[in-house]
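**Q** Attaching a single structure in structure tokens format; questions to follow.
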Amino acid sequence: MTDKPHIQTQIVQAEIGSDPAFGAVAPPLYTSSTYLWPSVEEKGPYDYGRTANPNRAGLSKALSILEGGSSTVITSSGMSAIDLCLNLIKADDLIIAPHDCYGGTHRLLTHRAAQGRVRVLFIDQSDPEALHEALDEKPAMVLIETPSNPLMRLVDISKIAKLSKACGAIVVADNTFLSPVRQQPLSLGCDIVVHSTTKYLNGHSDVVGGAVIAKSAEHGETLAWWANCAGVTGSPFDAWQTLRGLRTLSARMDIQESNAEAIAKYLKKHKAVTKVYYPGLRSDPGYKLMKAQQSGPGAMLSFELETPALAAKALNSIEIFQLAASLGGVESLICQPSTMTHRGMAESARLEAGITDNLLRLSVGMETENDLIKALDKALS
Ligand SMILES: *Cc1c(COP(=O)(O)O)cnc(C)c1O
């Protein structure tokens, strides 16, 4: 009976029944910006809300357990989480990032580089030659993002982490698209995991937030120091809400993934659909790697229709699926990456990456499989 409970039990139980004041079962929300000092000589566990807050601390503990890290910093957004990581390297150090990373990450790194804050090299990390050439440049940080958005391409985390660490780089993985219930980058050799908690971790499309989970205590301390120094920590309410969402992450992912698998199979057989991008399909080029490094394919997928006109018609007429960017909530979303999430990319770069107007992306939610497939069937007829 001394064994620690299963991770799922720990997440459901996180902060439950821990209220010292009134014995509240659900964790209270602490919005106070400042905390009493027991005396002028000693400070309590909390003194100022930017530095530390009980709600952020509770969420942080839960995320460290889920990702297998030593500590977690809760930030105001996924972007501030990624920007916070840049404090681990020096000015003029080189970052290697995926050419098909999240658009906001691409913009942040490009403009930080233009400022002279860092140097950045965007490469196709699935190309061994490109990776070797880039690593020869002695990067200080390597950013991995898999599966990629929107084409769901996978890269081998263990392999890239091992090669990158051999040349002294800090390896950061953006695990937003799968969440720790499907992929655990720290166990595959990465040093840091970042999340947009806006997506699966909160899971209800009602918070914008981020998290940085460090494997080593040393990285964790540096990140917490900078988060306080620069003031990028998240709000108590967002942390409170996100911990509430996190308790059902595993159950949500099971249902959403099962719906996504059914939809991928349905789309694969549809005559108006020319291509389906989903690593859960046996025919997908990422299937083998998915089986090796993920515990399931997740609930994001993309597909191409015969013509842009057909794609536009489907977008404008589809029921149930909401026409919106973002992902990972309980409700299903549909978007056209070329005009919505990836609009900021130069057209040439977009086409080179394979993002045409025929391409649609789905974030599959928790509605019933039957209703989702019926909605697609009607929109594609
Ligand atoms: C959404 C997203 C981000 C940015 O997160 P925000 O919470 O919107 O700031 C970063 N990476 C990935 C993969 C994302 O999907």
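The values are calculated or read from the model by the stated rules, or taken from the named source; none is laboratory data. Note that the structure is predicted; figures quoted are calculated from it, not measured. Cβ atoms come from the backbone with ideal geometry, glycine included; neighbour counts cover every protein chain shown. Side chains included, ligands, DNA and RNA excluded: accessible areas come from the protein's heavy atoms. Shrake-Rupley method; radii C 1.70, N 1.55, O 1.52, S 1.80 Å.
**Q** Given the options ASP100, ASP136, name the one that is within 21 Å of the chain's Cα centre (by Cα) and of a type in the set (Asp, Glu).
**A** None of the other options fit; the residue is ASP100.
**Q** Examine region 141-151 for a residue that is surrounded by fewer than 20 Cβ atoms within 10 Å (Cβ to Cβ) and assigned to a helix (DSSP H, G or I), and state whether such a residue exists.
**A** Checked region 141-151: no residue is surrounded by fewer than 20 Cβ atoms within 10 Å (Cβ to Cβ) and assigned to a helix (DSSP H, G or I).
**Q** Failed condition for SER39, given (1) more than 31 Å from the chain's Cα centre (by Cα); (2) surrounded by 12 or more Cβ atoms within 10 Å (Cβ to Cβ), with all others met?
**A** Answer for SER39: the failing condition is (2).
**Q** Would you mind finding the one in VAL193, VAL171 that is in contact with a Leu (Cβ under 9 Å, 6 or more places away or on another chain), among the aliphatic types (A, V, I, L, M), within 14 Å of the ligand (Cβ to nearest atom) and open to solvent by less than 10 Å² (accessible area, probe 1.4 Å)?
**A** None of the other options fit; the residue is VAL193.
**Q** Looking at CYS85, CYS101, which one is in a loop (DSSP other than H, G, I, E, B), in contact with a strand residue (DSSP E or B) (Cβ under 7 Å, 6 or more places away or on another chain), in the same structural domain as ASP174 (by TED's automatic domain parsing) and buried (at least 18 other Cβ atoms within 10 Å of the Cβ)?
**A** CYS101
**Q** Select from region 214-235 the residues that are open to solvent by 30 Å² or more (accessible area, probe 1.4 Å) and assigned to a helix (DSSP H, G or I) and list them in ascending order.
**A** Selection gives ALA217, GLU218, HIS219, GLU221, THR222, ALA224, TRP225, TRP226, ASN228, CYS229, ALA230.
**Q** Among the residues of region 315-334, which ones are touching a residue at least 60 places away in the same chain (Cβ under 8 Å), hydrophobic (A, V, I, L, M, F, W, C) and crowded, with 21+ Cβ neighbours inside 10 Å?
**A** Passing the criteria: only LEU327.
**Q** Take ALA211 and decide whether it is in a helix (DSSP H, G or I) and in the same structural domain as SER60 (by TED's automatic domain parsing).
**A** No, not satisfied.
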